[in-house]
Amino acid sequence: MSDLTPLDVLGQKFSKRLKGYDPQEVHEFLSGVASTIEGLTRERGELRQKIRSLEAELASFRKREHALQEALVAAQRSADDTLDAAKAEGEKIVAEAQALADQLVEDASSRIKTIETVIGDLRARRREVRAELMRLAELLQGLIHDDQQLEKQEPQTPRLSLLNRRNAERREG
C-alpha cells in the first residue's frame with residue numbers, strides 16, 4: 001500500500017449489507033485511524049525538518065573546522081618565519097585553534113550520534129506502525145471471513161415473503 005493519508009481513510013466508502021457493520025462505528029474507527037496517521041505524518045515531517053537543520057548545522061561546523069585547519073596551517077608557516085617571540089605567539093594561536101577545532105569536532109560528533117539515534121527511533125517507530133497496521137489488516141480479514149461464514153449460513157430465500165403471504169391471507173379472510 002502506498003502512502004495512506006488521513007483523507008484516504010476518511011473518504012473510504014464501504015458497501016452496505018444486511019447485518020453489516022454499524023456505519024457510525026466504522027466512521028469513528030476510520031476517524032481515529034486518520035487522526036493517528038495525520039499525527040504520525042506531522043511528526044515524521046517535523047523530525048525530517050529537524051534532521052535537515054542538524055545536517056546544515058553539521059555542514060557549517062565542518063566548514064568552520066576546515067577554515068580553522070587552513071588557519072592553523074597558515075599560522076604554523078608564519079610561526080616558522082618569525083622570531084622566537086612570534087613563534088611562541090603562533091604556537092599559542094595554534095593551540096587555541098586546535099582546542100576550538102577539537103571542540104567543534106566533538107560537538108559535531110555528538111550531533112551525529114543524536115541524529116543517528118533519532119533516525120534509529122524513527123525506524124523503530126515505522127516498524128511499530130507497520131506491525132500495528134498488519135495487525136489491523138489481519139483483524140479486518142478475520143472479520144470479513146466471519147461475515148462470509150455468516151452469509152453462507154443464511155437461508156437463500158428471505159423469510160419476509162412468508163410474512164407477506166400471511167398478511168395477504170388475513171386481508172382476504
Quiz prompt | Residue satisfying condition, being of a type in the set (Asp, Glu) and either touching a residue at least 24 places away in the same chain (Cβ under 8 Å) or within 14 Å of GLU57 (Cβ to Cβ) (or both), within set ASP121, ASP102, ASP107 | solution = ASP107
Quiz item: Which one of these does LEU136 not meet: (1) modelled with pLDDT of 90 or more; (2) more than 31 Å from the chain's Cα centre (by Cα)?
Solution: (2)
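The values are calculated or read from the model by the stated rules, or taken from the named source; none is laboratory data. Quantities reported herein were computed from a predicted structural model and do not represent experimental measurements. Here the Cβ is made from the backbone with ideal geometry for all residues, glycine too, and neighbour counts use every protein chain on show.
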